[in-house]
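Since every read-out is calculated from the coordinates, none of them should be taken as a lab result. Owing to the predicted nature of the structure, the values given are computational and were not obtained by experimental measurement. Neighbour counts are summed over all protein chains in view; Cβ atoms, including those assigned to glycine, are modelled from backbone coordinates with ideal geometry.
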Amino acid sequence: MLASVGDPPLDDPQLVYEPKYDGIRAIAEIDAARAGARPQVRLWSRLGNEKTAQFPEIVAALQDWAKPRGSSWVLDGEIVALNDHGEPAGFQQLQGRIHLLDADGPPKGRVAFIAFDLLREGSTDLRERPLLKRREALEQLFHKRKPSPTVRISAMARGDGRAMYEEALASGWEGLIAKHAASLYKSGKRTPDWRKIKLVREQEFVVGGWTEPRQTRAYFGALLIGVYDGDDLVYVGHTGTGFNDRELARLMPLLERLETPTCPFRDRPKTNERPHWTRPELVAQVKFTEWTADNKLRHPVYLGLRDDKKARDVTREESRAQAANHPRRTSTGKRKTSNTADALQTVVDQLRELERARRDGEIVLPDGDRLKVTNLQKVFWPKLKLTKGDLFRYYAQVAPALLPAIADRPLVMKRFPNGVSAQPFYQHRAPEVPSGVRSEVVTVAETRAHIIGGTLKTLMYTTQLAAISQDPWFSRLPDPELADVAAFDLDPADGVPFATVLDVARWIRDELDRLGARGFPKTSGADGLHIYIPLPTGTPYEAGLLYCQIVAAIVTQKHGKAATTERAVRARGKRVYIDCFQNILGKTLASAYSARASDYAGVSTPLLWKEIEAGVDRHDFTIRTVPDRLARVGDLWAALRQSKPVDLAKVARLANR
């Protein structure tokens, strides 16, 4: 029986909740009916592939578990890898076991079988009984037997999964399964009676080819992957991370045996290196941070091959909430509408009501989570009489565009507890955060916990801490030392008009055009302008810094009266300083759609180049005006995430002339 992806409530008396284990779904057949004989045990994947030889310690543990003999059972459960503490680990830890052969020697790594359903006992078929009746029989079966670290029963919460959900967030589980308590067991059927609540974006993808390796990389550079949409295999991206040398060597012969001259994807993808195509038979497990607006994977990481999934069954998995954040086009080409705006409007309404009542309280977020908010009536921008509540409401309105820009990025908080007229302070380390607010320990030079952007609750929490702006790193987890963007920070000296800043931006754009690169401009939200460029996957911070320095040097050589790269303030004169040194690990710029502590409550707002050509006034982009602009022009910053990365080799050749 298979689960659907969904958004079930976490508090429902008709549901039970179990951990979603990240392993291999398996049926265990145990026959201990013959007196005096060792019980017979066979393990099967959901596709009917026998796994008995690959997990001998589970077989042995089930044989011992089957004592006292005299009956037989069919159990449904999950084969999982165990970490050093004996807790279930991720699917990637099973890779050395999935392809194990008898000749390979003893297996490595601890594993366990976690049972969550009892399908047959003796000659009695239990599948037509309600889930809770089957669970009762399973618990009685385990109660009669000695506990085993290798044969376990799954945890279950009845009617209220909130505590288990918090444990899942804290422990890094893949997710939960919510099951209707009265559901019958429908073999081979995918049904909404069982629903997956995913915390980590991870699913299967079909391998349709590979690319040539770069530089010293052996075997291949990246796998080209897709999902089926009807009869069409649709390309969703490539993954070149997550492989070690052994896995590269193991995969290469499999790919070569499937090589074909015909591209299997509906639309032939553009690749940075020469592609090779394969028949679409291999299925890879991949984790990723998000789906982009053009239905590509963001930061995909290879976890391993699966032999328990059919390639033709692999489609895009997406909950209703995810679909709302990443709407897809229908066959008529029109975008599907979502209720995201309505859900966020309820947050805005709650904040407005609390501020009107001049009291503290809790707001309920669209996913049912809650956050305490205080001092909404405190004035943050005295000249404009804008409050902390105004800042909260602004961020709730622009969250759909802002959150993808800071997703998975460590944040540096510049806190203004007494408003923009008072002294702020920086906070790099994450404090003890409420459940649902993401923080991660990041080791770069030193080890410390950071708040990580990307969720509405995290955004609301940093706002509660009076962090007016959202200041993310130029890199994302899990690769904090590798930048995916670089930026030119245009900082005018006092008295330099904003029109000159726009001139310098145009000159930078012109040099990028000559390099075949695309720049993405936005106001800084204060006096200046930022121009971002997308970097290739795996780019060190130093390479992004050098790219910007070379371009800046060309601009200042041609336009030295208006632009400078002099770091000393006295040496800049009445010019625009092109600052490239924000492209250093750990430094930050305000994110797109970030509010700023400027006296006019500015917002760092993405612009079109035609707007820069026409001339804009930075004061037009504030927390009062940007929500309406966003509704009118859409998320201009999404194009940065979808754009082709710059060619680092081109600027290097330019520097060597």
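For the chain, the longest principal axis of the C-alpha atoms and the axis of helix 388-406 are separated by about 70°.
Distance from the C-alpha centroid of the stretch 26-79 to that of the stretch 103-167: 13 Å, rounded to the whole angstrom.
Model label points for VAL441 and ALA652, set 7 angstrom from Cα along the Cα-to-Cβ axis, are 3.6 nm apart.
Note on the stretch 252-321 and the stretch 487-512: Cα centroid distance 42 Å, given to the nearest whole angstrom. Please give the FRET efficiency for GLU166 paired with ASN418, using the beta carbon to beta carbon distance and R0 = 35 Å, rounded to the nearest 0.05. The formula returns an efficiency of 0.60 here. Charges at C-beta only: +1 for Lys and Arg, -1 for Asp and Glu. How large is the resulting dipole of the chain about its Cα centre, in Debye rounded to 20? Approximately 540 debye in magnitude. For the stretch 2-192, just say rounded, prolate or oblate: build the C-alpha gyration tensor, square-root its eigenvalues into a ≥ b ≥ c, call rounded for a/c under 1.5, and beyond that prolate if a/b exceeds b/c, oblate if not. The shape class here is oblate. Scalar couplings 3J(HN,Hα) for the stretch 207-213, obtained by applying the Karplus form with A = 6.51, B = -1.76, C = 1.60 to θ = phi - 60°, are 7, x, x, 8, 10, 4, x Hz; x denotes Gly and Pro.
Candidates GLY159, PRO213, ALA341 compared by Cα position along the dipole of the chain: farthest toward the positive end lies ALA341, with charges placed on Cβ. Normalising the average separation of contacting C-alpha pairs (under 8 angstrom, six or more residues apart) by the number of residues puts the relative contact order of the chain at 10 percent. Using only Cα coordinates, the Kirkwood hydrodynamic radius of the stretch 600-657 works out to 14.0 Å. Charge dipole of the stretch 175-313 (Cα centre as origin; +1 on each Lys and Arg Cβ, -1 on each Asp and Glu Cβ, all else neutral): 420 debye, rounded to the nearest 20. Simple spin-label estimate for ASP64 and ASP12 gives 4.0 nm between the two label positions (7 Å along the Cα-to-Cβ direction from each Cα). The trypsin sites (Lys or Arg not before Pro) of the stretch 392-430 that DSSP puts in a loop, and whose beta carbon has at most 14 other beta carbons within 10 Å, are ARG429. Relative to the longest principal axis of the Cα atoms of the chain, the long axis of helix 498-514 lies at roughly 60 degrees. In the stretch 2-192, a dipole from Cβ-located charges (positive for Lys and Arg, negative for Asp and Glu) runs towards its positive end, and of ALA168, THR150, GLY23 it is THR150 whose Cα lies farthest in that direction. How much of the calculated P(r) for the stretch 5-87 lies past 17 Å, in percent of all Cα pairs? Of all Cα-Cα pairs in the stretch 5-87, 58 percent lie more than 17 Å apart. Residues whose amide H falls under 5 Å from that of TYR228, counting only those 5 or more places apart or on a different chain, are VAL234, VAL314, THR315, ARG316, with hydrogens built in the peptide plane.
Reported to the nearest whole Å, the Cα centre-to-centre distance from the stretch 583-644 to the stretch 387-439 is 17. Once the cut-off is 48 Å, how many percent of the Cα-Cα pairs in the chain end up in the long-distance tail? Tail of the P(r) past 48 Å holds 22 percent of the pairs. Under the convention that each Lys and Arg Cβ holds +1 and each Asp and Glu Cβ holds -1, the size of the dipole of the stretch 113-174 around its Cα centre is about 320 debye. If you plug the beta carbon distance of ALA639 and ASP232 into 1/(1 + (r/R0)^6) with R0 = 30 Å, you get a FRET efficiency near 0.75. Tell me, rounded to the nearest percent, the portion of alpha carbon pairs in the stretch 339-472 spaced more than 20 Å apart. Every Cα pair in the stretch 339-472 considered, those over 20 Å come to 45 percent. Between the amide H of ARG190 and those of LEU2, distances stay under 5 Å, these residues lying 5 or more places away or on another chain, with hydrogens modeled in the peptide plane. Quick check on the stretch 202-325: take the gyration tensor over C-alpha atoms, sort the square-rooted eigenvalues as a ≥ b ≥ c, and tell me if it's rounded (a/c under 1.5), prolate or oblate. Here the stretch 202-325 falls in the prolate category. As I understand it, the value is the acute angle between the Cα axis of helix 131-143 and the longest principal axis of the Cα atoms of the chain; what does it come to in degrees, rounded to 10? Tilt relative to the chain: about 70 degrees. For the listed residue pairs LYS388/LYS457; LYS20/LYS189; LYS20/LYS133; LYS51/LYS144, the alpha carbons are over 24 angstrom apart in LYS51/LYS144.
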